[in-house]
Each structure stands twice: as C-alpha cells, then as structure tokens.
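Reviewing the structure listed below.
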Amino acid sequence: MPLLFLILQVLILLGVKGNLGLIATVGSLALLAVIYVRVNRKGPSGRYILPEGEEFSWLKEGLEKLSKRAGLKPPELLILDDYIPNAFSYGHTVVLSMGLFEVLEREEILAVMAHEIGHIKNRDTMMFPLVVYGRYFSIGAVILTFLLSDNFAIGMLSLVFYILYEERRVNFMKNREFKADETALHLLDIPLSMKRALEELKYYEDLRSETKVTGFPGIEPSIERPQKNTQLIETHPSYDERILRIVIEMENLRMQRRMLR
C-alpha cells in the first residue's frame with residue numbers, strides 16, 4: 001500500500017500554520033473515517049434483492065463451497081437489481097447484478113463470485129476504500145498546504161508526494177485484482193470458467209464504465225474508469241492482461257498437479 005506517502009502528507013499538513021494545520025488534518029481524517037465506516041458497512045446505494053427460493057439454491061451452495069475452500073465464513077450474498085453485468089464486494093458481502101445471470105453460464109457466475117470471495121479473503125474490501133480515501137485526503141492536503149503555507153516549496157513537496165501516492169495506488173490496485181483472480185482459480189472446480197467469464201464480460205465493458213462503484217473491489221475494471229479507456233491513470237488491469245495471467249496461472253496449476261501424481 002502507498003502508506004508512506006500518505007504519512008508524509010499528514011506530517012506536512014501538521015507542520016503548516018501550527019494549530020490550523022492540526023485542525024485541518026484531524027478534521028479531514030475524521031470525516032473520511034466516518035465515511036469509510038458507513039460505506040463499508042452498508043455498501044453503495046441501489047436496490048438489492050436477497051437470493052431466495054429454489055432458483056438460487058445452486059448459487060448459495062456454490063457460495064458455501066467456495067467460502068469453505070477459502071477458509072471463510074460464507075459472506076452475505078445480494079443481487080443488485082441492475083441489468084448491466086457487474087459484481088463487487090464490500091465488508092463481508094458479495095454483490096452480483098441481475099445482468100450477470102443474463103450473459104453468463106452458472107459456472108462462469110460462480111467464477112465471478114470466487115473472484116469476489118478472493119477479494120474478501122485477501123482483505124481488499126478493507127484496503128480498497130482506505131486507498132481511495134487516502135487519495136482524497138492527499139488531494140485535499142495538497143490544496144490546504146498551498147493555501148495555508150507561506151512556503152511555496154512545501155506546497156510543491158506535498159504535490160510530489162501526491163503524485164508518488166497515485167503511482168503506488170495504481171500499482172497496488174492492479175496487483176490486488178491479479179491476486180483475486182489467482183485466489184479464485186484455486187477455489188474453483190473448473191478454473192477455466194474464470195477465463196470464459198472474463199472473455200464474455202469484455203464485450204460489456206463500455207456499459208459497466210457508466211456504473212462506477214468507487215472504492216470497492218470488483219470483477220470489472222470500472223472503478224474510476226470512463227468510457228473508451230480515455231483515463232490517464234488506470235487503476236485496474238485490462239481484461240486481456242487478466243486473461244493472460246489466468247492462462248499462465250492455469251498452466252502452473254497443471255504442472256503442480258502433474259508433479260504431485
């Protein structure tokens with residue numbers, strides 16, 4: 001995590017204008033902490049449906065099996081009433097959109113769910129919001145430093161720390177997506193279903209770019225992602241990158257299993 005540059009931003013802001021810098025720092029961190037707790041407990045707004053009835057029995061069974069393999073208590077499962085294919089996780093909750101059931105087969109939906117369980121197992125549902133809110137704090141710290149400090153060099157130093165934080169943040173979030181995919185492959189009965197799911201979801205990439213769920217780990221590269229891939233700083237790996245990594249990891253799994261025979 002890009003924690004070092006966040007700490008440096010705090011120290012710079014604390015040193016600006018004495019008590020005024022202290023008030024600005026404590027106030028900003030307290031506000032972000034309140035937002036973090038609230039959002040990570042309740043998740044983003046939307047109309048959610050509990051997966052009840054016989055039609056969802058296979059999904060619940062899959063959730064229990066995957067969670068047991070991951071060594072986790074089964075997370076809460078919610079269905080988002082949205083026909084754009086999407087999935088994300090927060091706290092100890094996995095959310096699948098109705099759209100996934102329209103475009104994916106059952107094994108592919110389980111693969112998407114395994115990816116989200118991978119995020120929970122790897123504690124990304126706690127770390128992702130922290131990294132995103134750390135970014136908001138860093139932006140605010142740069143602005144406040146320029147406004148409150150009489151030393152232009154201090155303001156520029158704060159800006160440099162923000163740029164370095166952004167670079168570390170991007171790499172961190174991309175690597176966590178790769179790690180969630182890798183974890184999912186070890187949980188699934190049919191690892192190839194993860195590759196097939198991503199290949200199918202790739203065709204709906206532009207639709208999901210309009211349904212941003214900032215700060216939550218998800219199957220799609222939609223966090224802070226505009227349409228047509230015009231963003232200068234991309235926080236998620238592309239589908240092609242992830243598919244290539246999955247193919248490599250699947251080959252590694254095959255080799256490991258051959259060696260164990």
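The values are calculated or read from the model by the stated rules, or taken from the named source; none is laboratory data. The shown structure was predicted, so the numbers you read here are calculated from the model rather than taken from an experiment. Here Cβ is always computed from backbone atoms with ideal geometry, including for glycine, and neighbour counts include all displayed protein chains.
Quick notes on this one:
- Here GLY155 meets the list (1) in a helix (DSSP H, G or I); (2) of a type outside the set (Val, Ile, Thr); (3) more than 30 Å from VAL16 (Cβ to Cβ); (4) without any contact (Cβ under 8 Å) to a residue 40 or more places away in the chain almost entirely, failing just condition (3).
- Checking each residue in the range 112-168 for being over 30 Å from SER67 (Cα atoms), at pLDDT below 90 and hydrophobic (A, V, I, L, M, F, W, C) picks out PHE137, ALA141, LEU144, LEU147, LEU148.
- Scoring PRO221 on the criteria (1) surrounded by fewer than 18 Cβ atoms within 10 Å (Cβ to Cβ); (2) within 29 Å of ALA70 (Cα to Cα); (3) modelled with pLDDT under 85 leaves a single failure, condition (1).
- Per-region count, the range 1-24, residues among the β-branched types (Val, Ile, Thr), over 27 Å from LYS174 (Cβ atoms) and free of Cβ contacts under 8 Å to residues at least 60 places away in the same chain: 1
- Listed by position, the helices (runs of 4 or more DSSP H) enclosed by the range 1-103 that each have at least 1 residues that are among the basic types (Lys, Arg) are 19-42, 57-70.
- Where GLU210 falls short, out of the listed (1) modelled with pLDDT of 90 or more; (2) not in a helix (DSSP H, G or I): (1)
- Residue check for ASP124: out of contact with any Ser or Thr (no Cβ under 7 Å at 6 or more places or on another chain) and among the charged types (D, E, K, R): yes
- Condition met for ASP189 (outside any helix (DSSP H, G or I), among the charged types (D, E, K, R) and over 25 Å from ASN86 (Cα atoms)): no
- Pairs, first over 29 Å from VAL132 (Cα atoms) in the range 235-261, second surrounded by 12 or more Cβ atoms within 10 Å (Cβ to Cβ), C-beta under 6 Å, six or more apart: MET250/PRO191
- Matching residues in the range 48-103 - criterion: being in contact (Cβ under 8 Å) with a residue 40 or more places away in the chain, over 20 Å from PRO129 (Cβ atoms) and polar (S, T, N, Q): SER67
- Residue count for the range 137-193 under the criterion of being surrounded by 18 or more Cβ atoms within 10 Å (Cβ to Cβ) and of a type in the set (S, T, N, Q): the result is 6.
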